[in-house]
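Undergrad: Have a look at this one before I ask anything.
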C-alpha cells in the first residue's frame, strides 16, 4: 500500500493529511458557482463544468473511494491584489500536481486525483478549439467539479484555508481505496 503522505511531500506538497471520503462534504449546488464563470473556465476546459461531466455522477464516483490524501501549498503574494503572484503560485502548484499524478500512475492503484481549479497544461484548451483533450492522462479535474467546497475540505483535513495576509493557498486530493 502506498504511503500517500510521503508521496505528496516528495512531490512538493507543504501540508498533507489523510481523511475518510465519507467525512468530505459534497454538494451538487456548488456547480452554480462554476456557472457564474468567475474563473473563466466554465465550458472552456475539459476538466471543469459542464464539460468534465455531470456533477451528481462525479460525486458518486468520488464517494466510491475510502480515503482522501488532501494536500496544499501556500504561496506568498506582494499584496492581496497580486494577481500575477496568484497565477505564479497556481502554476507552481500545478507542477506539484503533475508530480503527484506521475506517482499515482506509477503506483498502479485505482485513484482519483483532483486539483485546484481547471487544468492549465495547454495555453488554449482543446475544448475551446473543438479538439479532444491533448493530455487526458495528465489533465486532472477540479475539486469543485466534484462538488467539494475547498474551505470545508481544508477544515475536515485539519488544514488552514486562509494562511495569513498576502498569501494564497492551493489544494488537491488523491482519493484511493
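Each reported figure results from applying straightforward, stated rules to the coordinates on display, with no laboratory input. Remember, predicted model here, so these are calculated numbers, not experimental data. Because the Cβ atoms are built from the backbone with ideal geometry, glycine has one as well, and the counts that use them run over all protein chains shown.
Undergrad: Would you pick out the residues in the range 4-40 that are under 18 Å from residue 57 (Cα atoms) and either in a loop (DSSP other than H, G, I, E, B) or in contact with a strand residue (DSSP E or B) (Cβ under 7 Å, 6 or more places away or on another chain) (or both)?
TA: Once the filter is applied, which keeps residues that are under 18 Å from residue 57 (Cα atoms) and either in a loop (DSSP other than H, G, I, E, B) or in contact with a strand residue (DSSP E or B) (Cβ under 7 Å, 6 or more places away or on another chain) (or both), the range 4-40 yields 21, 24, 25, 26, 27.
Undergrad: Residue 43: surrounded by fewer than 17 Cβ atoms within 10 Å (Cβ to Cβ), in contact with a helix residue (DSSP H, G or I) (Cβ under 8 Å, 6 or more places away or on another chain) and not in a helix (DSSP H, G or I), yes or no?
TA: Yes; evaluated as a whole, the condition is true for this residue.
Undergrad: Just one of (1) free of Cβ contacts under 8 Å to residues at least 12 places away in the same chain; (2) surrounded by 14 or more Cβ atoms within 10 Å (Cβ to Cβ) trips up residue 130, so point out which.
TA: The number of the failed condition is (2).
Undergrad: From the list 133, 104, 122, pick out the single residue that is more than 20 Å from residue 3 (Cα to Cα) and out of contact with any helix residue (DSSP H, G or I) (no Cβ under 6 Å at 6 or more places or on another chain).
TA: 122
Undergrad: Moving on. If we keep just the residues of the range 54-75 that are part of a loop (DSSP other than H, G, I, E, B) and touching a residue at least 60 places away in the same chain (Cβ under 8 Å), which is surrounded by the fewest Cβ atoms within 10 Å (Cβ to Cβ)?
TA: Step one: list which residues in the range 54-75 are part of a loop (DSSP other than H, G, I, E, B), which gives 54, 63-66.
Next, from what is left, pick out any that are touching a residue at least 60 places away in the same chain (Cβ under 8 Å): 65-66.
Numbers: 65: 19, 66: 11.
Among those residues, the one meeting the criterion is 66.
Undergrad: Another one. Which ones in the range 86-127 are in a loop (DSSP other than H, G, I, E, B), over 11 Å from residue 140 (Cα atoms) and touching a residue at least 24 places away in the same chain (Cβ under 8 Å)? Let's see the steps before the verdict.
TA: Quick first cut of the range 86-127, residues in a loop (DSSP other than H, G, I, E, B) only: 108-110, 116-125.
Among the residues that remain, those that are also over 11 Å from residue 140 (Cα atoms) are: 108-110, 122-125.
Across the range 86-127, the qualifying residues are 109, 110, 125.
Undergrad: Could you list, in sequence order, all residues of the range 136-175 that are farther than 25 Å from residue 76 by Cβ, touching a helix residue (DSSP H, G or I) at 6+ places or on another chain (Cβ under 7 Å) and outside any loop (DSSP other than H, G, I, E, B)?
TA: Listed by number, the residues that qualify are 145, 146, 156, 174, 175.
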